[in-house]
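The values are calculated or read from the model by the stated rules, or taken from the named source; none is laboratory data. Here the structure is a predicted model, which is why all the values come from computation and not from measurement. Cβ placement follows ideal geometry from the backbone for every residue including glycine, while neighbour counts extend to all protein chains displayed. Side chains are part of the model used for accessible areas, which takes the heavy atoms of the whole protein and leaves out ligands, DNA and RNA. Shrake-Rupley method; radii C 1.70, N 1.55, O 1.52, S 1.80 Å.
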Amino acid sequence: MSEMSFEQMLDESFKTIRNGEVVEGTIIDVKEDEMILNIGYKADGILTRAEYSNEANIDLRNVANVGDKLEVKILKVNDGEGQVLLTYKRLAAEKGNKRLEEAFENKEVLKAKVSQVLNGGLSVVIDEARVFIPASLVSDSYEKDLTKYADQEIEFVITEFNPKKRRIIGDRKQLLVAAKEAMQKELFERIHAGDVVTGVVKNVTDFGAFIDLGGADGLLHISEMSWGRVESPKKVFKVGDEVEVLIKEINGDKIALSRKFEDQNPWNFAAEKYAVGNVVTGVIARMTDFGAFVELENGVDALLHVSQISREHVEKPADVLKVGQEIEAKVVDFNGEDHKISLSMKALEPEAAPAEEATAEEAPVEE
């Protein structure tokens, strides 16, 4: 038996490795874009930045130190120059895929930071394994701009797992829907007609405002926004406003709201303020052919009939009055039950003086 040469004995002292094998190495040098690892082989292993992470501009000096141990996979035993090429991210991706497969089977809720905002959705990475969340599954409502999710940590579930086709799909929408349903159930168990609650304005339309009550939206109709008239809801509310509202009615999953709080009802004090005989001031709010409606205060209107405008004949109210004009009038009728008040401007006008009767005798006719 021939004796082995020194080189042969040296080779025998090192373990053999093969492509695809997983080994543990010790970092002996770290540069910005590559690491050198002692893997117990006759040649050291090279781990480049591209094979460490999918993050393009990562500085390896910030994530590893000399002496650290790292589990890696042999990518190529000999790159043609006698070097051993290693990969860390592919091994991590394999572990990540295993992690995602278990999450898929167990319907586990995962949490990860959004790594990319794409045209059609979001991309997140778990242990170097990528998950794509389509735009339609990002939220429970349509969102045109997804850039607000950049670098945000989000929760999702895996709804499709096919790593061979590189198709691993995440779904955030179903979590939001489930959470909203739970909040809605809790809300409807808690609230009742007549309750006063606080909500946030979610949307404002020409006919009203939708208020988020924390689990369900309620409609605050324009007619319920104030005891007085509201020209446009958009002049009163804006999205994000916090408002206190009265739950007027609950019908199935529909909630009708109001801002007409009974303790603020101006008709509670109207009987004394607008008693028959009182002289009041108001503003012409609108007119018809038979009269003008006068706003005495928010929520209290009175009718000034055309026959009560003046002692002189008035054909139409618009002939002598205009909307927005302030007038003074006398209360001639009050009906608190039906919320009706009648006014008269004529009653404040002085009565015409009676025609003077002739008392002097006829003067004699001179001849």
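Taking a Cβ cut-off of under 12 Å around residue 298, the surrounding Lys, Arg, Asp and Glu residues balance to a net charge of 0, with basic ones at +1 and acidic ones at -1. Listed peptides 333-342, 241-250 appear in the order 241-250, 333-342 once ranked by packing, highest mean of other Cβ atoms within 10 Å at the front.
Think of the chain as having a plus end and a minus end, set by charges on the Cβ of Lys, Arg, Asp and Glu; of 192, 146, 209, 146 sits farthest toward the positive end of this dipole.
Find the accessible area per residue for the stretch 247-361; the probe is 1.4 Å, ligands and nucleic acids are left out, and the unit is Å². Could the numbers behind the result be given before it?
Values: 7440 Å² over 115 residues.
Ligands and nucleic acids excluded, the result is 65 Å² per residue.
If you take every residue apart from residue 223 with its C-beta less than 12 Å away from the C-beta of residue 223, what net charge results, scoring Lys and Arg +1 and Asp and Glu -1? Within the 12 Å Cβ shell, the charges total +3. At the residue level, residue 269 shows approximately 120 square angstrom of accessible surface with a 1.4 angstrom probe and all protein chains present. Across q = 0.20, 0.28 Å⁻¹, the stretch 43-98 modelled as identical point scatterers on its alpha-carbon atoms has Debye log10 I(q)/I(0) values of -0.80, -1.21, in the order of the q list. Placing dummy labels 7 Å off each Cα toward the beta-carbon, the span from residue 33 to residue 162 is 3.7 nm. The lysines within cross-link reach of residue 316, meaning a Cα-to-Cα straight distance under 27 Å and a gap of 8 or more places when in the same chain, are 330, 340, 346. Of the residues 181, 351, 71, the one that moves most in a GNM of the chain with alpha-carbon contacts below 10 Å is 351. Note on the chain: helix-only mean residue ellipticity at 222 nm, from DSSP H runs of 4+ residues weighted -39500 (n - 2.57) and normalised by residue number, equals -4000 deg cm²/dmol.
Determine which lysines satisfy two conditions relative to residue 165: a Cα distance under 16 Å, and not lying fewer than 8 residues away in the same chain. Candidates past the 8-residue exclusion: 98.
If Lys and Arg each add +1 and Asp and Glu each add -1, what is the summed charge of the other residues whose beta carbon sits under 12 Å from the beta carbon of residue 334?
Numbers: positive: 273, 330, 340; negative: 272, 333, 337, 338.
Overall, the nearby charge balance is -1.
What number do you get for the stretch 13-150 when its Cα radius of gyration is normalised by 2.2 N^0.38 Å, N = residues?
Details: Rg = 18.3 Å, N = 138, 2.2 N^0.38 = 14.3 Å.
Rounded to two decimals, the normalised Rg is 1.28.
Taking θ as phi - 60° and the Karplus parameters 6.51, -1.76 and 1.60, the scalar couplings of the stretch 124-134 work out to 10, 10, 10, 6, 6, 9, 8, 10, 9, 10, x Hz in sequence order, x denoting glycine and proline. Taking a 21 Å limit on the Cα-Cα distance, which of the listed pairs 202/254; 173/238; 235/322; 111/202 fall beyond it? With Cα atoms farther than 21 Å apart: 173/238; 235/322; 111/202. When Rg and the Kirkwood Rh are both derived from Cα coordinates, the Rg/Rh ratio for the chain amounts to 1.44.
Sparsely packed loop sites in the stretch 105-185 (the trypsin sites (Lys or Arg not before Pro) outside DSSP H, G, I, E and B with at most 11 other Cβ atoms within 10 Å) comprise 107, 144, 166. Start at zero, step by 10 Å, and the Cα-Cα distances of the stretch 137-264 spread as 11, 33, 27, 17, 8, 3, 0 percent across the bins.
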